[in-house]
Every structure is written in structure tokens, then in C-alpha cells.
Amino acid sequence: MDLVYKVKDASGRMKEAVAQAESPTALRAKLTASGMQVVEIRPRSGMQAARLKTSLSSYLALLEQVKLKDMVVFSRQFSAMVGSGVAMLRTLTIMVDQCENKKMKRTLDSVRRAVESGVSLSDALARHPDVFDKLYVAMVRAGEIGGILDDVLKRLADFLESKHKLNQKVQSAMVYPSVVLAVAVIVFWGMLTFILPVFQGLFKNVGGELPAYTQFLVNLSQFMRSIWMMVFVVFVIAVTWAIGAWYKTDVGKLQIDTLLLRLPVFGDLIKKVAIARFSRTFGTLVRSGVPMLSSLDVVKDTAGNAVLGLSVEAIHQEVRQGGNISKPLTKDSLFPPMVTQMVAEGEETGRLDEMLGKIADFYDMEVENAVDALTSILEPIMVVGIGGIVGSVVVGMYLPIFTVINQIR
């Protein structure tokens with residue numbers, strides 16, 4: 001049998017190799033007779049299992065994502081250690097050792113090795129755009145140049161935490177209607193697929209013609225249990241995938257984002273989220289000492305909305321030509337007058353970052369109020385909707401009973 005053994009030679013060096021022997025005991029005796037200290041002997045299959053486990057762990061690490069919460073924790077801890085005077089390499093080593101997210105751990109280890117080889121921290125972070133975006137890299141670079149890296153990291157942590165809270169508010173508005181809608185669809189599908197066919201058999205035994213509405217539900221039930229339902233599901237999945245692929249293109253993203261902003265209820269919420277994100281990002285960059293044009297470049301790339309990206313591009317062109325920020329904002333219907341006036345006042349008084357922060361705080365509150373209002377409106381609508389779906393099927397099942405009773409009379 002094949003065995004993997006690990007031994008120490010006379011000089012104390014470790015050695016691992018593979019050998020064939022009748023049993024682990026026989027191999028141990030042979031190695032001991034050769035003057036070697038046996039550390040471990042195991043079947044070769046165990047080594048293959050260990051390698052398989054390592055490979056599986058590496059694959060799972062690739063699938064693991066770095067969440068916004070992980071970035072907040074990292075930024076706060078990094079800021080605290082740098083501000084306390086701990087050396088950069090020592091700080092990165094500690095962060096790698098205590099990091100629980102496998103992808104983040106691997107990324108930080110790569111950053112540590114790059115910094116150890118003489119690369120600046122911002123350049124090392126820029127090598128990992130899937131974890132550290134342009135905004136993060138730009139602010140770290142500004143902190144390095146200005147010698148205020150710990151302060152910039154703290155601002156980054158505050159910014160990411162505000163962004164995390166804003167995302168949670170928006171997601172909370174989407175979770176309730178999504179769950180209720182899914183439950184409604186499952187209930188409707190279950191009643192048509194399992195319950196209605198039982199009543200259909202009873203109706204056939206009684207005889208007579210089914211009411212038109214009940215016959216419609218029966219036909220719908222037969223469709224849902226046929227191969228055509230599978231074709232319909234595949235078609236819906238294909239259309240969803242096509243829309244997602246189209247959204248990844250510049251033209252498609254602009255068209256879909258424009259359409260989303262025009263939605264009756266959700267459009268206003270999306271607009272407020274976009275303005276809050278723009279103000280918070282822009283204000284944080286300006287406050288951290290990032291140059292104006294560089295800040296606008298970063299905001300444009302991290303806007304998250306193609307319509308807002310076009311607006312930022314217009315601001316960028318105006319500033320490049322020597323103009324101010326408020327002028328293109330007044331021509332853009334995306335920004336309300338309050339925003340343009342506060343930005344103009346901030347430019348005139350030299351407190352642009354402060355004004356942008358106030359705008360972001362105001363629209364964060366607006367988003368929270370809009371989410372609460374939206375939830376309060378959707379709750380009764382969803383309850384009535386589920387009741388209507390269940391009631392429509394129940395009425396369809398009981399109509400033939402009334403017809404039979406009338407026939408008997």
C-alpha cells in the first residue's frame with residue numbers, strides 16, 4: 001500500500017515522501033532502523049483528501065464576496081491602528097491574521113506583500129478593484145499625500161456605514177412586497193395545481209356544464225400542469241437574462257435607469273437614493289482632499305445610476321472649462337432647486353463639503369420616510385391582493401356547487 005511519511009533526519013530537517021509498504025508499522029520500523037525520527041505516517045488517500053479539501057476551500061473562497069459590512073469593520077480597525085502609530089506592515093499583518101472573510105483575507109495578504117516590496121498602499125489597493133473601488137483608492141491616495149491617512153480611513157468607514165444603512169433602508173422596502181408576492185404566487189399555483197383538479201373530478205361525476213369562470217380556472221390549471229408551463233417558465237427566464245445582459249451595456253443601462261426613474265411610486269425613491277449617494281460620495285471625497293476633477297471622475301464611476309452619471313459628466317465638463325458646479329445642476333431636472341441652491345451657497349462660502357453632507361443627511365431622512373410610507377401603503381394592498389387571489393379560486397370552485405343545487409331544485 002502507498003503511505004505518506006514525514007520524518008526528521010539526523011540534522012533535524014523535515015522530509016515528506018511517499019513509500020510502499022505492507023503496513024504503517026512495517027514502514028515505521030524500516031525508517032527507525034535507518035536512523036530517522038518518524039513524525040507521521042498516513043495513507044496516501046488521506047493526502048489526496050487533504051488536497052481535495054484545500055482545493056474545495058480555495059474554490060469556496062473565490063465564491064465568497066466581501067460585503068459592505070466587512071469593509072466598514074476593516075476601515076475602522078485600520079484607521080484606529082494607523083492613528084495609534086502602529087507601523088503599516090505590522091497593521092496589515094494583524095488585519096490579515098484576524099480577518100474572517102476568506103476573500104478579504106487573501107486580498108489583504110496580497111496588499112501586505114505589495115507594500116512590503118515597496119509599493120504604496122493606494123497602488124496596492126488599486127490592484128484589487130473587485131474589493132477596493134476607485135473611491136476607496138482615491139481617498140487613500142489623498143490621505144497618503146496629505147499625511148492624514150488615519151483621518152481619511154475614518155471618513156471612509158463613516159461613508160461606507162452610511163452607504164450600508166441606506167442600502168438596508170432600500171432593501172427593506174423591497175423585501176416585504178417581494179416575499180408577499182412570492183407567497184401569493186405559490187398559494188395560487190398550489191390551489192390550481194392540487195386542489196382544483198380534485199373538485200374538477202367531483203364536477204365530472206355530478207355532470208352538467210361548468211360555469212364560464214370555473215371552466216377558465218380549470219383550463220388554467222391544465223395549462224400549469226402541462227409541458228407548456230415549462231416552456232413559459234423557460235421563456236420568462238430567457239427574457240430576464242436578456243434584460244440583465246442588456247442592462248450591462250451602456251445604452252441598456254441608460255434606458256432602463258431612465259425608465260426606473262419614471263415609475264409612479266418607486267421612481268421618486270430611486271431618485272432620492274441617487275441624490276443621497278451622489279452628495280455623500282462627492283462630499284466625502286472633497287473633504288478628504290481629493291482634487292475636484294478627480295472627485296467627479298470617481299463619483300461618475302460609482303454613481304450606480306446611468307442618468308446620474310450623465311449629470312456628473314456634464315458637471316465635470318463645466319468644471320474643466322473653468323465653470324462652477326451649480327450651473328449644470330440648475331439645467332438638470334434630476335436635481336431639485338434645494339440641492340442646486342445649497343451647492344451654489346457651498347461654492348460661494350467655500351463650504352461645499354459641508355453643504356453636500358447636509359444634502360446627504362436630508363435625503364437619507366427622505367429615503368427613510370419614503371420607505372416607511374411605501375411599506376404602509378403596500379401592506380394593505382398586498383393583504384387584499386392575497387385575499388383576492390385565494391378568494392377568486394374559492395369562488396371558482398364553489399360556483400358549480402351552486403349550479404348543481406339549482407339543477408336539483
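Restricting the search to the range 246-275, which residues are of a type in the set (A, V, I, L, M, F, W, C), under 20 Å from His316 (Cβ atoms) and either outside the structural domain of Pro336 (by TED's automatic domain parsing) or buried (at least 20 other Cβ atoms within 10 Å of the Cβ) (or both)? Hits for the range 246-275 are Ala274, Ile275.
Which of the residues that make up the range 109-129 are within 27 Å of Gly304 (Cα to Cα) and without any contact (Cβ under 8 Å) to a residue 24 or more places away in the chain? Val111, Ser122, Asp123, Ala124, Leu125, Ala126, Arg127, His128, Pro129 - these are the residues of the range 109-129 that are within 27 Å of Gly304 (Cα to Cα) and without any contact (Cβ under 8 Å) to a residue 24 or more places away in the chain. Here Asn101 does not qualify as within 30 Å of Val383 (Cβ to Cβ), among the polar types (S, T, N, Q) and outside the structural domain of Phe216 (by TED's automatic domain parsing).
Selection of helices (runs of 4 or more DSSP H) fully inside the range 140-245 by the criterion of at least 2 residues being exposed (fewer than 15 other Cβ atoms within 10 Å of the Cβ) and within 35 Å of the chain's Cα centre (by Cα) returns 149-190. Scanning the range 316-358 for residues that are outside any helix (DSSP H, G or I) and surrounded by fewer than 19 Cβ atoms within 10 Å (Cβ to Cβ) returns Gln321, Gly322, Gly323, Asn324, Lys331, Asp332, Ser333, Leu334, Pro336, Gly350, Arg351.
Each row is one residue, and each column tells you yes or no for (1) aliphatic (A, V, I, L, M); (2) closer than 22 Å to Asp364 by Cβ; (3) in contact with a Lys or Arg (Cβ under 8 Å, 6 or more places away or on another chain).
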site	(1), (2), (3)
Pro264	no, no, no
Ile275	yes, yes, no
Ser279	no, yes, no
Gly322	no, no, no
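With a requirement of 2 or more residues that are over 27 Å from Val298 (Cβ atoms) and modelled with pLDDT under 80, the helices (runs of 4 or more DSSP H) lying completely within the range 41-137 that satisfy it span 44-63.
The values are calculated or read from the model by the stated rules, or taken from the named source; none is laboratory data. From a predicted model like this one, the values you see are computed outputs, not experimental measurements. Note that we place each Cβ from the backbone using ideal geometry, even for glycine, and neighbour counts take in every protein chain shown.
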